[in-house]
Amino acid sequence: MNINQFQQELIEYATSIGIDKIGFTSASPFHELKNRLIRQQELEFASGFEEPDIEKRTQPELLLPEAESIISIAIAYPSKMKDAPLSQKGARRGIFARASWGMDYHTVLREKLAILELFILTHMPNARLRSMVDTGELSDRAVAERAGIGWSAKNCSIITPEFGSYVYLGEMITSIPFAPSEQMEEQCGDCRLCLDICPTGALIEGGQLNAQRCIAFITQTKTMVPDEFRAKIGNRIYGCDTCQTICPKNKGKANLHQQAFKPDPELVKPLLMPMLDMTNRIFKETYGHMSGAWRGKNPIQRNAIIALAHFKEVAAIPKLIELLENDLRPVIRGTAAWAIGKINTEEGLVALKKVEQTEEDKEVLDEIRKGLQFYTIEK
């Protein structure tokens, strides 16, 4: 079969099954990426969620010995939500980042890649293929940049002319020598809005990210949120979109055409108080189809408590006291103690003093004392 002709047929087929962009690159090593990843490790900027083996992340032939080329795909996700409910006193709401709207993108993109694999194998039965999305060894962004999907921006996203940075990425290593796509020139220019607006200074000059300071990462951790980041989280329940929403290249990019990612306003901008009562089963039934649920309910509930403190929601005090007194999870008890102090009611003060006498966990005790300090500051 003529490879060039088949490549064109593959591009047309990808479009027909709902893939928004497709590009191709060689399976040669990612030398520049390797240097960046080594530097990330030296600076302790990595999140820890990544594949730890840098060789596997940068040498496709280690993942597929017959590797000749890599196919990169992109599917756009929405940046706008219709009929978003308002957050108001007594009914405060959190927000899931846009990357968690609708169906879990891992599922959607894996299905698209599986369909592409079937199409390829139907025409080229001897082809060797290996697909991955996000949690695979390769860097989705590095592949997409080299495959001409978009350029690597200062906010560490891939920006496409058509959809801005609101795209999910996946790739397929193949034994087929597809012709490489033309790479796109970087178009950020002198703009540094994303660098200047990042709430925690996680974005470093030159498109480098200190993941340890990134709110998107912090909202996914399972431990106590460090003090310096709590006020920065605001009402974010999962993820952070600030460096995308400020980007001029995203202006006017609504991307409403992918039905799988159409958000349910009540789920992506949920009431905070009901989240605190969710069992594991109810959480999974309600949010299990969303990518933001992958770490389970504990980080989400911790973030909901921080959001209630952000709003200084007095109506939350009885529930927060209940969590402080009865919850078995130290992170939840401790975060509740801090939030009670932040909201600063007399009822909360009594509860903190009472529990201080019986709490045995040192970390929780530290948070109780932080909570009590708010009363000293306020008065």
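The values are calculated or read from the model by the stated rules, or taken from the named source; none is laboratory data. None of the values given here were measured: they were computed from a predicted structure. Every residue, glycine among them, receives a Cβ derived from its backbone with ideal geometry; neighbour counts consider all protein chains shown.
The table for this structure:
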read-out: Pair list, Cβ under 9 Å, 6 or more apart: region 127-142 residue on the phi > 0 side of the Ramachandran plot, other residue at pLDDT 95 or above and surrounded by 18 or more Cβ atoms within 10 Å (Cβ to Cβ); value: Asp134/Tyr105; Asp134/Leu109; Asp134/Asp140; Asp134/Tyr168; Asp134/Leu169; Asp134/Gly170; Asp134/Ser291
read-out: Residue satisfying condition, being outside any helix (DSSP H, G or I), acidic (Asp, Glu), surrounded by fewer than 19 Cβ atoms within 10 Å (Cβ to Cβ) and free of Cβ contacts under 8 Å to residues at least 24 places away in the same chain, within set Glu66, Glu12, Glu50; value: Glu50
read-out: Leading residue by the ranking (farthest from Gln212 (Cα to Cα)) among those in region 226-254 that are in a helix (DSSP H, G or I) and among the hydroxyl-bearing types (Ser, Thr, Tyr); value: Thr245
read-out: Residue check for Asn344: among the polar types (S, T, N, Q) and either touching a His at 6+ places or on another chain (Cβ under 8 Å) or within 19 Å of Thr221 (Cα to Cα) (or both); value: no
read-out: Residue check, Arg281 in a helix (DSSP H, G or I), among the charged types (D, E, K, R), within 29 Å of Asp134 (Cα to Cα) and more than 21 Å from the chain's Cα centre (by Cα); value: yes
read-out: Per-region count, region 153-186, residues hydrophobic (A, V, I, L, M, F, W, C) and at positive phi; value: 1
read-out: Hits in region 140-154 - residues which are within 18 Å of Glu50 (Cα to Cα) and surrounded by 21 or more Cβ atoms within 10 Å (Cβ to Cβ); value: Asp140, Ala142, Val143, Ala144
read-out: Lone qualifier among Ala337, Ala351 - being among the small types (Gly, Ala, Ser), buried (at least 22 other Cβ atoms within 10 Å of the Cβ) and within 21 Å of Asp227 (Cα to Cα); value: Ala337
read-out: Test result for Lys269, in contact (Cβ under 8 Å) with a residue 40 or more places away in the chain and closer than 18 Å to Ala307 by Cβ; value: yes
read-out: Residue in region 299-317 that is β-branched (Val, Ile, Thr), touching a helix residue (DSSP H, G or I) at 6+ places or on another chain (Cβ under 6 Å), in contact (Cβ under 8 Å) with a residue 40 or more places away in the chain and under 30 Å from Asp104 (Cβ atoms) present; value: yes
read-out: Counted residues, region 69-106 - those being touching a strand residue (DSSP E or B) at 6+ places or on another chain (Cβ under 7 Å), surrounded by fewer than 20 Cβ atoms within 10 Å (Cβ to Cβ) and among the small types (Gly, Ala, Ser); value: 2
read-out: Meets criteria (exposed (fewer than 15 other Cβ atoms within 10 Å of the Cβ) and either within 28 Å of Ile340 (Cα to Cα) or modelled with pLDDT of 95 or more (or both)) for Ala216; value: no
read-out: Hits in region 69-105 - residues which are outside any strand (DSSP E or B) and among the aliphatic types (A, V, I, L, M); value: Met81, Ala84, Leu86, Ala97, Ala99, Met103
read-out: Within region 118-136, considering residues that are at pLDDT 95 or above, of a type outside the set (S, T, N, Q) and assigned to a loop (DSSP other than H, G, I, E, B), the one surrounded by the most Cβ atoms within 10 Å (Cβ to Cβ); value: Val133
read-out: Meets criteria (closer than 25 Å to Val108 by Cβ, in contact with a helix residue (DSSP H, G or I) (Cβ under 6 Å, 6 or more places away or on another chain) and not acidic (Asp, Glu)) for Gly252; value: no
read-out: Subset of region 15-35 [in a helix (DSSP H, G or I) and surrounded by fewer than 16 Cβ atoms within 10 Å (Cβ to Cβ)]; value: Thr15, Ser16, His31, Glu32, Asn35
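Table: residues versus (1) in contact with a His (Cβ under 6 Å, 6 or more places away or on another chain); (2) over 20 Å from Ala74 (Cα atoms); (3) surrounded by 22 or more Cβ atoms within 10 Å (Cβ to Cβ); (4) modelled with pLDDT under 95.
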residue	(1), (2), (3), (4)
Arg230	no, yes, no, no
Gln244	no, no, yes, no
Lys251	no, no, no, no
Gln259	no, no, no, no
Glu266	no, yes, no, no
Leu272	no, yes, yes, no
Arg281	no, yes, no, no
Thr286	no, yes, no, no
Lys297	no, yes, no, no
